[in-house]
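Have a look at the structure below before the remarks.
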Amino acid sequence: MDKNTERDIARGLQQGDRQAWLQLYEAYAEPVLRNISRLVGGDAATVGDIVQETFLAAARSARNFRPDRGTLWVWLWTIARRQVALYYRKQKPNIVLSRAQQWWTSLDGEKFDWIDTKADMPPDILESQELAALVRCTLSELPGDYQALLLAKYVDNQPAGQIAGQMDCSEMAVRSKLARARKAFRKAFEKINRTPSGLRKVKL
Amino acid sequence: MNFEDDKQKNKRLSQLLSVTEKNVAGPDKKFLDKLQEKSTAEFMASCANKNSKTTLPIWRIIMKSNITKFAAAAIIIVVVILSISLWDKSNSTAYAFEQTLEAFRDVQTIHLFGRDLRDSNFEMWVQLNSDTGMPDYCRLYTPSDNYLAVSRPDKSYQYNEKTNRVQITSGMLLGHMEFAPAYMFEELIKYSKMENTDIKVDINYEHDPESDKTLILAIYETPIEKWKIFIDPDTKLPVRLNLLSETHRMGLVFKDVDKIEYNLDFPEGIFDFEIPEGAQVIEQ
């Protein structure tokens, strides 16, 4: 979205302009849905619930959107990220993750070499549902801007320039942030595969 | 791991992250069109004058998923029944639960005092996320247990003063720290619209000598718990809660909440935590 359109929509939202909301929705409904699907998997009803909660929450707070705090995409994805985190928090216990962790543990071979790019990941591993569950869960642990960056760069194959436009920053800043996002992903992936799934209950 | 920005490594990371595309269906146009309609209406409703008597629309496209199951965690619950109008005995002012939901939209912080199931006093501070209504930050102190918990989006801390032991967890703490009355309020609206539920509500009034007000009193019962909820007739927000019975102890903490204050200015650093000197630190 170019800066002028972004600015017009932002102003329209603050003024309660219906057309502004429609423009925002048309621009971002599909990308939000796509990214949420990537983070929680293919169950259409679950994805639909989260997408719905995201846009209803956004609709309620759209009048208070402040352009100085970030772009519309960043704002919207922050809300979506929150809804995804809520979804994962409700998976108590997270059986899918637990099984995926057990599967990972049972694998032969130098697993972290695959991540360190010293060796190719076997195709059957790449195709497995368990790996998808681990990667999704890892991504959901990251801050929203890291999630959005990694998905935009490595799944949507967007060039750094396009990502910079979405986030209203320089290409240099995007590359720098991507480096930090990759590091955060690796750390989170290792942690996911070392700790029991999902449960961080508070006990008094 | 060495994810430096070179072609081969980017390709591998791309392969790894692309597994998230597995079994993901394309966008459902019918669903998106319907959501466009609903979200637009929600946007327009939120922009409408707050003094308007228009009923606040709470819509949901009914999905088949289980995501909206009522949580058994210890979260204070505000009872909602749409389209019930109640008359205050003293001044015949109509009250409807939509007003409480609307009032929660302006709540940024909550401060409460109460007792837990073991009759230990606690004090809690909560800062809500303005977009989602869920807690972003929470602080809970139980002096008789020498227990302090600080829940934050990045890291959370649980500290025992007596043993000088700190437990650090990544992300927010779960369970009773997820104090989000507006969120639960919306969930209950959903339940109130469903038929054949086990949720019962009785509404009455009770004079409160301390405030010299006639408070709206809701007695709310599910198969696992029963609550008394006192609502201020002026602010439309709950001011006191009492748990009358419960059968499901997992995660349930609050028994009585004697005082609830909204939108106070919290002291600077209330959600920060500094590890005390000499403390044993456990990272999870």
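Of the residues making up the stretch A:165-181, those that are open to solvent by 10 Å² or more (accessible area, probe 1.4 Å) and either within 12 Å of chain B (Cβ to nearest Cβ) or out of contact with any Lys or Arg (no Cβ under 9 Å at 6 or more places or on another chain) (or both) are A:Gln166, A:Ser170, A:Glu171, A:Met172, A:Ala173, A:Arg175, A:Ser176, A:Lys177, A:Ala179, A:Arg180.
Is at least one residue of the stretch A:56-67 modelled with pLDDT under 75 and assigned to a helix (DSSP H, G or I)? Looking through the stretch A:56-67, none of the residues is modelled with pLDDT under 75 and assigned to a helix (DSSP H, G or I).
Yes/no per residue for (1) within 21 Å of B:Asp136 (Cβ to Cβ); (2) at the interface with chain B (Cβ under 8 Å from one of its Cβ atoms):
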residue: A:Arg7; (1), (2): no, no
residue: A:Arg11; (1), (2): no, no
residue: A:Arg18; (1), (2): no, yes
residue: A:Pro31; (1), (2): no, no
residue: A:Ile36; (1), (2): yes, no
residue: A:Ala44; (1), (2): no, yes
residue: A:Gln52; (1), (2): no, yes
residue: A:Leu76; (1), (2): yes, no
residue: A:Arg81; (1), (2): yes, no
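Is it true that A:Arg38 is over 24 Å from B:Glu21 (Cβ atoms) and in contact (Cβ under 8 Å) with a residue 24 or more places away in the chain? When the stated conditions are applied, A:Arg38 does not pass them.
The C-beta contact set for the stretch A:168-179 (first residue of a type in the set (Asp, Glu), second residue not in a helix (DSSP H, G or I), distance under 9 angstrom, 6+ apart or interchain) comprises A:Asp168/A:Gly70; A:Asp168/A:Thr71; A:Glu171/A:Pro159. The test for being open to solvent by 50 Å² or more (accessible area, probe 1.4 Å) and either modelled with pLDDT of 75 or more or out of contact with any Lys or Arg (no Cβ under 6 Å at 6 or more places or on another chain) (or both) holds for B:Asp198. Per the listing A:Asp49, A:Asp8, A:Asp2, the residue uniquely more than 23 Å from the chain's Cα centre (by Cα) and among the acidic types (Asp, Glu) is A:Asp8.
Kindly provide the set of residues from the stretch B:35-62 that are facing another protein chain (nearest Cβ under 9 Å) and at pLDDT 85 or above, ordered by number. Matches in the stretch B:35-62: B:Leu35, B:Gln36, B:Lys38, B:Ser39, B:Thr40, B:Ala41, B:Glu42, B:Phe43, B:Met44, B:Ala45.
The values are calculated or read from the model by the stated rules, or taken from the named source; none is laboratory data. None of the values given here were measured: they were computed from a predicted structure. Reconstructed Cβ throughout: ideal geometry from the backbone, glycine too, with neighbour counts over all protein chains shown. The accessibility values were calculated without ligands, DNA or RNA, using every heavy atom of the protein model including side chains. Shrake-Rupley method; radii C 1.70, N 1.55, O 1.52, S 1.80 Å.
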